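Chemist: Before I ask anything, let me first share the structure, which is written out below as structure tokens.
Where a number appears in this text, it was derived from the coordinates with a stated rule and is not lab data. The model shown is predicted, which means the values in this text are computed figures rather than measured ones. Backbone-built Cβ (ideal geometry, glycine too); neighbour counts: all protein chains shown.
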Amino acid sequence: MAWLNLASWLSCTEVEGPGRRAALWVQGCDKRCSGCCNPDYLKIVERQLVDASTVLANLLRAHDECQLEGITLLGGEPFLQALGLAEVAEGASRAGLSVMTFTGYTMEELHALSLPGTRELLTWTDVLVDGPYQAALPDQHRNWVGSTNQRFHYLSNRYDPTIETSAGLMRGIELRVRRDGHLVVNGWPIAIG
Ligand code: SF4
């Protein structure tokens with residue numbers, strides 16, 4: 001059984017990939033991009049340890065409730081927890097959900113590092129967005145990405161590059177107030193001007 005160290009998750013969002021999706025943020029990243037939008041998720045410390053089968057069960061329950069199109073895996077760095085995420089991605093994919101994965105590594109780095117579970121997670125990923133956020137290269141046009149160096153890789157025939165700029169898909173942010181009163185923000189802001 002593989003374990004995941006989660007920073008956060010949302011059962012239903014419309015700003016983390018095409019359509020309505022559940023999103024999982026894992027804790028821990030070994031990059032330190034200036035301007036990273038999730039600085040609290042970078043330290044490699046224990047947050048919420050959950051086994052992959054429980055995570056998958058929660059996602060499938062969210063799918064029943066929200067009729068999801070897919071799941072999105074973010075961080076932190078998903079490929080530092082690729083073994084557990086591959087299990088989640090496989091189960092989600094077998095249930096008909098698409099899988100979108102964001103990584104701060106480039107595809108070339110992923111292949112060179114060959115972290116445990118990398119091959120399996122790539123196998124069950126439909127769209128991979130790679131590369132670290134670079135604040136000096138802001139991307140004002142494509143959906144979901146922060147900087148122009150980040151690349152979309154279509155690893156199945158489920159999607160194609162039209163999703164990157166489709167006006168029907170959402171580039172924006174969602175605001176939620178948690179039960180404890182904290183404001184939670186996710187997504188990328190719409191460019192103004
Ligand atoms: S790779 Fe992603 S999560 Fe890691 S520091 Fe860079 S922007 Fe943040």
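Chemist: From the list L24, L42, L60, exactly one residue is buried (at least 22 other Cβ atoms within 10 Å of the Cβ) and not hydroxyl-bearing (S, T, Y). Which is it?
Modeler: Details: L42 fails: buried (at least 22 other Cβ atoms within 10 Å of the Cβ); L60 fails: buried (at least 22 other Cβ atoms within 10 Å of the Cβ).
It is L24.
Chemist: May I ask you to list pairs of residues, at least six apart or on different chains, whose Cβ atoms are under 9 Å apart, with the first in segment 22-45 being at positive phi and the second being part of a strand (DSSP E or B) and of a type in the set (A, V, I, L, M)?
Modeler: Within 9 Å, the pairs are G28/A7.
Chemist: Okay, next question. Please go through segment 76-103 and give me each residue that is under 21 Å from M1 (Cα atoms), within 12 Å of the ligand (Cβ to nearest atom) and in contact with a Gly (Cβ under 7 Å, 6 or more places away or on another chain), ordered by number.
Modeler: Result: E77, L80.
Chemist: What are the residues in segment 104-117 that are part of a helix (DSSP H, G or I) and within 23 Å of P161 (Cα to Cα), if any?
Modeler: Those that are part of a helix (DSSP H, G or I) and within 23 Å of P161 (Cα to Cα): M107, E108, E109, L110, H111.
Chemist: Return the residue satisfying two criteria in turn: it lies in segment 1-56 and is assigned to a loop (DSSP other than H, G, I, E, B), touching a Phe, Trp or Tyr at 6+ places or on another chain (Cβ under 8 Å) and hydrophobic (A, V, I, L, M, F, W, C), and of such residues it is nearest to L85 (Cα to Cα).
Modeler: C29
Chemist: Just one of T123, T118 is closer than 18 Å to W25 by Cα and either hydrophobic (A, V, I, L, M, F, W, C) or without any contact (Cβ under 8 Å) to a residue 60 or more places away in the chain (or both); which is it?
Modeler: On inspection, the qualifying residue turns out to be T118.
Chemist: Can I ask one more? Answer yes if at least one residue in segment 177-188 is touching a helix residue (DSSP H, G or I) at 6+ places or on another chain (Cβ under 8 Å) and either free of Cβ contacts under 8 Å to residues at least 12 places away in the same chain or not aliphatic (A, V, I, L, M) (or both), and no otherwise.
Modeler: No, there is no match, as no residue in segment 177-188 is touching a helix residue (DSSP H, G or I) at 6+ places or on another chain (Cβ under 8 Å) and either free of Cβ contacts under 8 Å to residues at least 12 places away in the same chain or not aliphatic (A, V, I, L, M) (or both).
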